[in-house]
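The numbers here are math on the coordinates, done by the rules we state, and not lab data. No experiment lies behind these values; they were computed from the predicted model shown. Positions of Cβ are backbone-derived with ideal geometry, glycine not excepted, and every protein chain shown enters the neighbour counts.
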Amino acid sequence: MRLSRRRALAAASIATLAAGALVSAVSPARAWAVGPQTTFIVLAPQGHSTAKAVARVSAAGGTVVAKYDQIGVLVARSTNPEFQTAVAGAGVDSVASTTGLGTPVDDDTTVATVESAVLQATSDPTGEPLFSRQWDMTQIDVPQAHAVTTGSPDVVVGVLDSGISSTHPDLATQIAKDKSASCLGGVVDTTEAAWNPTTSDHGTHVAGTIAAAINGVGVAGVAPGVKVASVKVVNDDGFIYPEAAVCGYIWSAEHGMQVTNNSYFIDPWEFNCRNDERQRPVWIAVQRALRYSQSKGVLTVASAGNSNVDLQHKFVDSGSPNDGSFPVEDRTITGACLDLPAEAPGVVTVSAVGPTRLKSYYSSYGQGVVDVTAPGGDTRFRTGGAVSTTTDAVLSTTFNTVTKTNGWGYKQGTSMAGPHAAGVAALALSAHPGLTPAALASTLERTAEALPCPDGVYNPVPALTGYEATCTGGNRNGFYGAGEVDAYNAVR
């Protein structure tokens, strides 16, 4: 869900091109009509030079603003209403407009804030004032893991999100500023202001769960000894556009990140269908970027989503697109449709549980899709007459984007579960350096604590409809995958 900016790109990294830099290379064959400026993803044949595609963009009245030679993807902008047709030809596999192809961030509602971190630390093995409220950390054996390692500063976790507050007292020492950047618009900006949050503190909350410092202030992260990099992919309106996500994957791969956390999905269509010509080029571009990232040693961790849907089975999506770009459609979701990046090959997909270690009411699921589960919070669970409270959500670092003040607060969602798994992966990599992404993913699964399926139709809120779900599978099942991540098991 987010990203940040920093440092100029290396030659092998994303090349950002000044407006008009390539237009002079090939004169447009004709004078095109002028319409609103639109952004496009242009795919060149993979494994071939992008030179022909660049020339065709220029000839069609467009400007290349970012070029990813590593995967044969261009980000172009044009005011030519006929650009998508005009650019087609030799050297261009396919092209798609990304206008409207953005997904608003599910901000995993802040259910409560903590005004001060100046509280007495009681029975707290970390010495952090608010650790006693972090049920999520004790649930996955973080204190025991910290007795082995708190993580290595050589391990960097990329937080692809809305930015990280660089002034937060729990995070200021934790951010790898030289690896942080904004990828908004598919163009890298490494200035510190660019990769800080502007309208959402989602990324700041995620970063705190991964690596909040042990410093006698606030909370403790799963892996406080590692570093996080802010890779900003969420714009001020809360949308994640494909060009920003692709940029984020490439930036992370080229700047030595071993793990990335991705608490979002791409597209206004929650499920991106390869058999839909409006979405196929985006699907291909994202797949290329993820594969490249994996080839560079990056493990991608992604949230399963908060729609309480079974990602394994066919169903009807009646809520997409959700940004007003097209009329809402009823679409049958089949195996050709994926929730990206959660369902992309090689990605570790994480569902959410609450303090009861049962699937959170909102968490999506699916046998063969969910790899592991982790604490995401659950403030609607009812069992045995007990009523959940706001403290059953996840406490982490926050940033008020209006008053520009730092703090701590509770949020819930699979967006909060993902960073727990990413933090455990960072601890495992610290304890066992050299693990490949596949081996690291296997470690997360092998060391997870298996959780059984609930019997029958599961509904954590019996008085309400819409939360029903059915779990399938045995030790590895649709609700929890291989089980709940365990930090101690992963490091010992």
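Protection proxy ranking, highest mean first, for peptides 196-203, 233-240, 435-442: 196-203, 233-240, 435-442, where packing is the per-residue count of other beta-carbon atoms within 10 Å, averaged. For Ser49, the shell of other residues with beta-carbons less than 12 Å away shows a net charge of +1, using +1 for Lys and Arg and -1 for Asp and Glu.
On full extension, the segment bounded by Thr138 and Thr390 gains 89.0 nm, given 0.36 nm per residue less the C-alpha separation. For the peptides 471-479, 280-288, residues were scored by their other Cβ atoms within 10 Å and the scores averaged per peptide; the highest-first order is 280-288, 471-479. Remark on Ala66: its backbone amide H falls under 5 Å from those of Leu17, Val75, a criterion applied only to residues 5 or more positions apart or on other chains, H modelled at 1.01 Å from N.
Between Val148 and Asn459, residue separation times 0.36 nm minus the direct Cα-Cα distance comes to 108.1 nm. FRET efficiency for the pair Ser442 and Thr403, taken as 1/(1 + (r/R0)^6) with r the Cβ-Cβ distance and R0 = 41 Å, rounds to 0.40.
Stretching Ala88 away from Ala51 to a fully extended chain increases their span by 11.9 nm, per 0.36 nm per residue minus the current alpha-carbon distance. Each peptide in 72-82, 42-52, 360-370 receives the mean, over its residues, of other Cβ atoms within 10 Å, and ordering these scores from highest gives 360-370, 72-82, 42-52. In this structure, the pairs whose alpha-carbon distance is over 18 Å, taken from Lys177/Lys232; Lys179/Lys404; Lys227/Lys404; Lys179/Lys232; Lys359/Lys411, are Lys179/Lys404; Lys227/Lys404. Taking the alpha-carbon centroid of each part, what is the distance from segment 178-210 to segment 412-452 in angstrom? Rounded to whole Å, the Cα centres lie 23 Å apart.
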